[in-house]
Amino acid sequence: MVPQRPEVAPRSTRLRPMNRILVNVLLDGSVAAIAAPLARWLAAPRDGLLHPLWFLAGGAITLIVSGVPFRMPQQYWRFSGISDLLGIAGASAASAALFTLGLLATGYPLPSPTFPVIYAVTLVVLLGGLRTAYRLTNGLNRRGVVQRKVVLVGADQVADIFLRAIDRNPASGVRVTGLIGQGTHQAGRRIHNVPILGHVTDIAALLDGMARRNALPENLVITDPNFRGEGLGRVLSAAETHGIQVMRAPVLTTLTPAERVELRPVAIEDLLNRPQVPLDRAGMERLIRDQVVLVTGAGGTIGSELVRQIAGFRPEHLILLDHGEFALWQIDVELGEMAPDVPRSVVVADIRDIERIDGVFALYRPALVFHAAALKHVPIVEQNPCEGLLTNIVGTRVVADAAKRHAARAMVVISTDKAVNPSSLMGASKRAAEMYCQALDIAARSSGRADEMRCVTVRFGNVLGSTGSVVPLFRRQLERGGPLTVTHPEMRRYFMTVPEAVGLVLQASVRGADAAGFVRDRVSGVEPERSAGTDALLRDGGIFVLDMGEPVKIVDLARQMIRLAGLRPDEDVAIRFTGLRPGEKLFEELFHGREAPVPTDAPGLLIATPRVVDQAEVGGVVDRIAVLAHAGNAAGAIAALKALVPEFDHNATGEVRSPSVTDAAQDREKLVS
């Protein structure tokens, strides 16, 4: 095979940097040649401006020699800054000293004792002035470019970097006319000659004032990446009033160096005012590394994110189980690209199939099982009650029993806030699944045997962008021009991003497995410190609950998404209320009235005070539900479910009921107190 020659840049491209350096040398030398007689005249005006040619040449040569250590020939004039000016000052001082020594060595009298200082200052002024003039001329050339006026909103440090990036990028097409800061007592001050107009809390009044002066910007640009939540919502509302679009600046790392300055839309996730929760990644690695891990529902929103994050902790083998071929193929391809070194198997299986699931566990013998498979869409489960009960209740039991039978060390069950005081079949079925797994866990922890499987249940609310959630629905409706459909003006839901929810699920898994003594340091074999209170609650069937923050009104979410698209709610895009669907309720809750929330030692995690359940009783009802559902007797299966979950108040017609609006607030007050 003929070896390929390495690619060589064209000759013109290779010579271009050298040509620029030669131009810098010629220009700086010419300026120094002018500076020498000028400085002599300033030092001794009576001697006139006539000088021998060697005087001019000496000035040029000494500067060129002195400028080499300070890298003056390599300076990029368009990007000249403080460091470049310091280099010029150093080179000027060195050149003045060298020139003075040359004069003294040749017996030429100094024009005056102050000549070296005057010559150095003259060089600094002329050389620095030439570069400044070039930058100003370069800036004036932009005026022919169509520029949109923007006002920056956010921290002054980030605004400083953004302004520098704009200044260095003539083709950005952006002109900053003002800043709205987050600090106090900043109004009236300037950053890079751009005025700080006021504080972000006064943004509505500030925009009203700009509107009166006919000085409104085309965009508000958020420069602080941590500015989100209620404050961001206030900015969006004020901007909507004046028809201004809100954008985000690039992150700091993409602003320097500034090849392009591209503004991006504000993400819907930014409206969740949620601080970053520190995660116990060392504990997660102890839990997962070198273990065989199985994830059911691996093609779903939560399951696929579980797979991604678990793969990062290098398990010995990762089994992806789902009944949907296409969803499995997608996550398998993605995993092959992001973690090709992690051994994995793709398994198509129905969690309700006892023999198939038992065969999978017998073959792979996973130590850890993450059970995310479920039917989660409330209206669909209402229309297919037997399928919902068989998947969510019987399927969970099949997986849990197989995991226990084949010596899995821990099983993590993904639950939902809809399991609390359920009004839907989906919520009630998930509560029944919780109860079965609670019963298993209580029995295992009560046995005192270290090898008994621990069953960790984690409950949380909606995740943004999940399959069937409102965010993808609203996006599709926006693409069609609306309207956006909301079931009820008072509908509220808890929301969390998918990566955050899965990170906290893994955090809960570490805590639940810690209590079993399963998670140990691989080297020392020492168990990590654990909370005695957490251990006691888990022994009694406690359920981990993710701290979801405050619930969000769905209509507010719809309005914000319309604003983020640069449109106006109710004017450009309509919002239509369609009424509650069967099984829905206005407010979801994270805790039952008898499940007082208890904090844990892990940020973002709470524990629902357990309600004791009897394993034999739960198992018997699940058996009855399975028989009735397999026979297609939906009414009988639902009646058995109501007996098992007494708080299940089925809203089969989608009627609006008076919710206990204060339940969530009271739970939070109890937690704080």
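All told, A410 falls short of being buried (at least 23 other Cβ atoms within 10 Å of the Cβ), within 18 Å of V618 (Cα to Cα), within 33 Å of the chain's Cα centre (by Cα) and in contact (Cβ under 8 Å) with a residue 24 or more places away in the chain. Annotation: G359 fulfils all but one of (1) surrounded by fewer than 19 Cβ atoms within 10 Å (Cβ to Cβ); (2) closer than 30 Å to T487 by Cα; the unmet one is (2). Looking only at the stretch 540-589, residues that are crowded, with 17+ Cβ neighbours inside 10 Å, part of a loop (DSSP other than H, G, I, E, B), more than 21 Å from the chain's Cα centre (by Cα) and not charged (D, E, K, R) come to 7 in all.
Look at the stretch 616-629: where a residue is surrounded by 14 or more Cβ atoms within 10 Å (Cβ to Cβ) and a partner is at pLDDT below 90, sitting 6+ places away or on another chain with Cβ atoms under 8 Å, you get V618/A439; G619/A439. In this structure, V348 does satisfy being surrounded by fewer than 16 Cβ atoms within 10 Å (Cβ to Cβ) and either outside the structural domain of E434 (by TED's automatic domain parsing) or of a type in the set (V, I, T) (or both).
Which of the strands (runs of 3 or more DSSP E) found entirely inside the stretch 239-336 contain at least 2 residues meeting this: at pLDDT 95 or above and either closer than 26 Å to M496 by Cβ or not hydroxyl-bearing (S, T, Y) (or both)?
292-296, 317-322
With respect to the conditions (1) surrounded by 23 or more Cβ atoms within 10 Å (Cβ to Cβ); (2) modelled with pLDDT of 95 or more; (3) not hydrophobic (A, V, I, L, M, F, W, C), K376 lacks only one, and its number is (2). Scanning for something buried (at least 24 other Cβ atoms within 10 Å of the Cβ), assigned by TED's automatic domain parsing to the domain that holds R568 and touching a His at 6+ places or on another chain (Cβ under 6 Å), does the stretch 381-400 turn up at least one residue? Within the stretch 381-400, one or more residues are buried (at least 24 other Cβ atoms within 10 Å of the Cβ), assigned by TED's automatic domain parsing to the domain that holds R568 and touching a His at 6+ places or on another chain (Cβ under 6 Å). Can D341 be described as within 23 Å of A629 (Cα to Cα) and either of a type outside the set (F, W, Y) or without any contact (Cβ under 8 Å) to a residue 60 or more places away in the chain (or both)? Considered against the rule, which asks whether it is within 23 Å of A629 (Cα to Cα) and either of a type outside the set (F, W, Y) or without any contact (Cβ under 8 Å) to a residue 60 or more places away in the chain (or both), D341 comes out as no.
All conditions in (1) modelled with pLDDT of 85 or more; (2) in contact with a Phe, Trp or Tyr (Cβ under 6 Å, 6 or more places away or on another chain) hold for N462, with the sole exception of (1). Screening the candidates I393, I357 for the property of being of a type in the set (A, V, I, L, M) and either without any contact (Cβ under 8 Å) to a residue 40 or more places away in the chain or more than 14 Å from E434 (Cα to Cα) (or both) yields one hit, I357.
The values are calculated or read from the model by the stated rules, or taken from the named source; none is laboratory data. Because the structure is predicted, anything quoted here is derived from the model rather than measured. In this analysis, Cβ positions are derived from the backbone assuming ideal geometry, glycine residues included, and neighbour counts consider all displayed protein chains.
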